[in-house]
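The values are calculated or read from the model by the stated rules, or taken from the named source; none is laboratory data. All values reported here derive from a predicted model rather than from experimental measurement. No Cβ is skipped: glycine too gets one built from the backbone with ideal geometry, and neighbour counts run over all protein chains shown.
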Amino acid sequence: MPLRNAVEDYTDDVQHSLLILGQPGSGTTTTLLTLARELIARAAGSPVQPLPVVFNLSSWAGPEQSLAAWLENELSAKYQIPGKIGRGWLEHNRLLLLLDGLDEVAEARRTSCLEAINRFIREIGLPGLAVCCRSDQYQELSVKLALNAAISLRPLTDAQIDGYVQDAGAALGGLRSALCDDPALRELARSPLMLNLMCLAYRDHGAQELRGGGSEGDRPRHLFATYIDRMFARRGKPELAYPRERTLAWLSWVARRLSERSRTMILMEDLQPGWLSTGAQRWAYLIGLSLVLGLLIGSANIAYWSTSALTPGEGGLNYGEIIGSISFSIETVESLGWSPAIAWRGALLELLGGLAVGAFAFLPTIEISHAQKLILLAGFGTVGLALGALLGGLEPRVFEGKTATNQGIRFSLRMAALMGLNALWLVAIVWAFAKLGGFEGGAGLQAILGYVAGMFMALFLGYGGIDVLKHYVLRAVLTASGQVPWNLGRLLDHARDLNLMQRVGNGYIFVHRRLLEHLAVAQLRA
């Protein structure tokens, strides 16, 4: 049926429940995005309408994950919506889910993904759902989606192909002639994607040149190679940020890493140590991270614990415990706000905790007057109260600004710095009570300042700092090994300017999955 009819049927006749099937390049994603635009237009006129959101299923993790948890993570990673808010939207049926790329889920996890979708429909319900999948991969599944209707996108007819090329003008005369007497080329043109690429890549090419495109299996490779050549050579393009050979080699590496993980979108904050391909690179990452952490922790020791009796063995043990406790993966911290309405609970608990620590763990170990003990106990309570109010009042907030490349890491760095700086006013509280109780210069004050220094490091690293460090150490290793440039965002923007990739939120995807597959198998060197 015509695409417009499919959209109208979805919204009017099949109760917002649709499966979209098609062969590679047939336009399933285009159909889904057309549907999204129509639904957004309808939702804009009514505040009670659910909001359509497009998700790509390629990042589905496995059978142990629920669809609700996956959707919550995707809303956070791709759209910068904090988990608490996304969870509320899902629970109250405020989202209309448009799920692309069921066939892009790893084959071993595809059935579990489909079952999770069906289970979500049964247990929670949805105001609407549309799913895209390649026809062959869907037919291989033993379980089917519980949707109200399905459409299958048909290949282009000869009349549609000839009409489209004819309308493109005289520059495609060679392509028109080649299509008339080359059955393999015409068969390739039945895909809307391939026909569109032909019209872009084969402008001003002679028919004889196109007939030399190789066997039927070589045709797609020839087409993509010609398209890439055209994008680098076209007039009016921005000045090249990187040489052609290095650009293609780097993009080939990105495509291979995405293909290995059954993904189509790259976000800079999603780079993981698992992307390192050799043992030498992994060792370089671990050593580099250890050196950076050692520098930070060593600086804290020198600044605050220089008078402590911490032996080298104890210091090494503590450092080893810190390194050993670090997760290998990199996770960004969501945007956080502070709410006085919920802060009082944490403040009360930490006040009691601070008093308990001071009374039972610290005061029995030192010889001071009764008045000093009361002052010191008040100090412990005040620090606990302040720390509890700070941490207990944290809550997710939506970032209202424009999404930006590597935004998750920038959020994490900002959050880590803000949280770490809170140790400064905690130091001020400690100093004030120490001054009041006459503890200046004593061993007790040194110990308290040591704890505050540790608190600063814990706040900085625990609220995103450690993941920021891991991210930049990883990028340094990838750059040193020639896999990608240091400014990966510039490379991805360069690929977008060349019409090889496109921007989606704060991520990037290749203009089509088949281009990703072409670059993933290309043997290119930077």
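Data table
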| read-out | value |
| --- | --- |
| E245 modelled with pLDDT under 85, part of a helix (DSSP H, G or I) and not β-branched (V, I, T) | no |
| Residue tally, condition within 20 Å of R513 (Cβ to Cβ) and of a type in the set (S, T, N, Q), over the range 96-150 | 3 |
| Single unsatisfied condition, R87 versus (1) within 23 Å of A44 (Cα to Cα); (2) surrounded by 14 or more Cβ atoms within 10 Å (Cβ to Cβ); (3) touching a residue at least 40 places away in the same chain (Cβ under 8 Å) | (3) |
| Unique residue being under 18 Å from the mean Cα position of the chain (by Cα), buried (at least 19 other Cβ atoms within 10 Å of the Cβ) and not aliphatic (A, V, I, L, M) when the list is G489, G507 | G507 |
| Of all residues making up the range 91-105, the number that are free of Cβ contacts under 8 Å to residues at least 40 places away in the same chain, touching a strand residue (DSSP E or B) at 6+ places or on another chain (Cβ under 9 Å) and not charged (D, E, K, R) | 0 |
| Long-range neighbours under 6 Å by Cβ, at least six apart or interchain, first residue in the same structural domain as L200 (by TED's automatic domain parsing) and part of a helix (DSSP H, G or I) within the range 172-186, second hydroxyl-bearing (S, T, Y) and surrounded by 19 or more Cβ atoms within 10 Å (Cβ to Cβ) | L175/Y202 |
| Which numbered condition E269 fails, given (1) part of a helix (DSSP H, G or I); (2) surrounded by fewer than 16 Cβ atoms within 10 Å (Cβ to Cβ); (3) at pLDDT below 85 | (2) |
| Within the range 27-57, tally of residues that are polar (S, T, N, Q) and part of a strand (DSSP E or B) | 1 |
| The range 240-260 residues that are touching a residue at least 12 places away in the same chain (Cβ under 8 Å) and closer than 20 Å to R230 by Cα, paired with ones that are hydroxyl-bearing (S, T, Y) and surrounded by 20 or more Cβ atoms within 10 Å (Cβ to Cβ) (beta carbon under 7 Å, 6 or more apart) | none |
| Selection status of L210, aliphatic (A, V, I, L, M), modelled with pLDDT under 85 and surrounded by fewer than 19 Cβ atoms within 10 Å (Cβ to Cβ) | no |
| I81 being in the same structural domain as P127 (by TED's automatic domain parsing), surrounded by fewer than 20 Cβ atoms within 10 Å (Cβ to Cβ) and aliphatic (A, V, I, L, M) | no |
